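See structure below.
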Amino acid sequence: MDRRRFLVAAVHGFALTPIAAALSACGSSGAWPEGMAEIKWDRDTCTRCSMVISDRRFAAELRGGEKNTVFKFDDIGCAVFWMRDRQKDYPWLADPATRFWVADAGAGDKWLEARKAYYSGGKMSPMGYNLGAKVYAQAGDLGFEEMRQHVLAKGK
């Protein structure tokens, strides 16, 4: 390859780099609900236990307050305990306007409003609370408040 062709190829290659970078950002996985911050799988860590958030079936996220603060969790149980323990630091947690999402355990890229979801046991979750969220209730499933009481009774 002569010098001129090399320079033309190099210029075109560098010009495409920003375009390629922009397009690769469009391919992030997950259909994030409006207002939800993206969870960077295998990089973001749980606010409570500091474990890397990897299992897409059990993640949860809280967002609210004046600064629209985001907290991410690897398990709904971590979110429940963290909310109980940090209520004094973040009084907005009790505000109905606070957004709270949980992953649909049956479809790891779908998100549910945590307070409206139903929770079933028998699933192996990252922190051992073993509750997966879903849209529709079946016999034996727990509503949000029942799930919260169940988790707090475990005492982890």
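The values are calculated or read from the model by the stated rules, or taken from the named source; none is laboratory data. None of the values given here were measured: they were computed from a predicted structure. Note that we place each Cβ from the backbone using ideal geometry, even for glycine, and neighbour counts take in every protein chain shown.
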Qualifying residue in the range 133-153 (condition: crowded, with 19+ Cβ neighbours inside 10 Å, touching an Asp or Glu at 6+ places or on another chain (Cβ under 8 Å) and on the phi < 0 side of the Ramachandran plot): yes
Condition met for Ala139 (more than 11 Å from the chain's Cα centre (by Cα) and either part of a helix (DSSP H, G or I) or more than 25 Å from Glu34 (Cα to Cα) (or both)): yes
Residue in the range 116-124 that is of a type in the set (A, V, I, L, M), out of contact with any Gly (no Cβ under 7 Å at 6 or more places or on another chain) and touching a residue at least 24 places away in the same chain (Cβ under 8 Å) present: yes
Those strands (runs of 3 or more DSSP E) lying entirely in the range 1-118 with at least 2 residues of a type in the set (Gly, Ala, Ser), at pLDDT below 95 and surrounded by 13 or more Cβ atoms within 10 Å (Cβ to Cβ): 107-113
